[in-house]
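The values are calculated or read from the model by the stated rules, or taken from the named source; none is laboratory data. Just so it is clear, the model here is predicted, and its values are computed rather than measured. Glycine also receives a Cβ, built like all others from the backbone with ideal geometry; neighbour counts cover every protein chain displayed. The area values use the complete protein model at the heavy-atom level, side chains included, leaving out ligands, DNA and RNA. Shrake-Rupley method; radii C 1.70, N 1.55, O 1.52, S 1.80 Å.
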Amino acid sequence: DIGACNIGTLMLRDVQTYCKIAPAVLQVELHPQLAQKKLVRFCKESGIAMTAFSSFGGTSYVEIGMADESLLEHADVKDIAAKHDKSPAQVLLRWAVQRGIAVIPKASSAD
C-alpha cells in the first residue's frame, strides 16, 4: 500500500485516474479550525483512510506570530474539556477520532 500527504480532493482524484496502486491513506492537517469536510467525505467514499496531523491546531503558527492562539487555549475547547473533566488535548483528539480519522499528535511538553 502507498499513501499521500498534503494533497486535496482535486489532486487525489487526478492521482486515482492514472495510478497503478491507489493511495490507501492520506495524511493532512486536520482540526476543528481546518475540518476539510469535502476532503474527508471524498476519502470515506473512496475507501482511503485518513491520518490527521496538527490536531491541536497550528501551534507553530502561534510561535511565529501567524496565529493568535492555540486550539489548546481556545475558550470553547477549554469549556468542553472542563464540562467533561478532560484536558483540551483529549477533546481535540476525540474530535478527530469520532470522525473515524487516525491522529498523530505532536507535543512539545508532557501536558
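Quick look at the values:
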{"quantity": "Given 16 as the ceiling on other Cβ atoms within 10 Å, longest exposed-site-free region of the chain for trypsin sites (Lys or Arg not before Pro) in DSSP loops", "calculated": "21-85"}
{"quantity": "Sulfur and carbon atoms: percent of accessible area, the chain [1.4 Å]", "calculated": "52 percent"}
{"quantity": "Top of HIS84, HIS74, HIS31 by mean-square fluctuation, Gaussian network on the chain, Cα under 10 Å", "calculated": "HIS84"}
{"quantity": "Degrees separating the helix 9-18 axis from the principal Cα axis of the chain, which is the longest one", "calculated": "30 degrees"}
{"quantity": "Net +/- balance of residues flanking LYS44 in space, Cβ distance below 14 Å, scoring K and R +1, D and E -1", "calculated": "+3"}
{"quantity": "The stretch 26-101: relative contact order in percent, alpha carbon pairs under 8 Å with at least 6 residues between", "calculated": "31 percent"}
{"quantity": "Folded to 0 to 90 degrees: helix 37-46 orientation relative to the chain principal axis, Cα", "calculated": "40 degrees"}
{"quantity": "Per residue value of the accessible surface for the chain (all protein chains in place, 1.4 Å probe), Å²", "calculated": "67 Å²"}
{"quantity": "Low-density loop cleavage sites - GluC sites (Glu not before Pro) in the stretch 1-86, where at most 13 other Cβ are within 10 Å (DSSP)", "calculated": "GLU69"}
{"quantity": "Bins of 5 Å from zero: percent of alpha-carbon pairs in the chain", "calculated": "2, 11, 21, 20, 16, 12, 9, 5, 2, 0"}
{"quantity": "Interchain or long-range residues, amide H under 5 Å from GLN27's placed H", "calculated": "ALA4, CYS5, ASN6, THR51"}
{"quantity": "Counting DSSP beta bridges with both ends in the chain, the antiparallel % (nearest 5)", "calculated": "10 percent"}
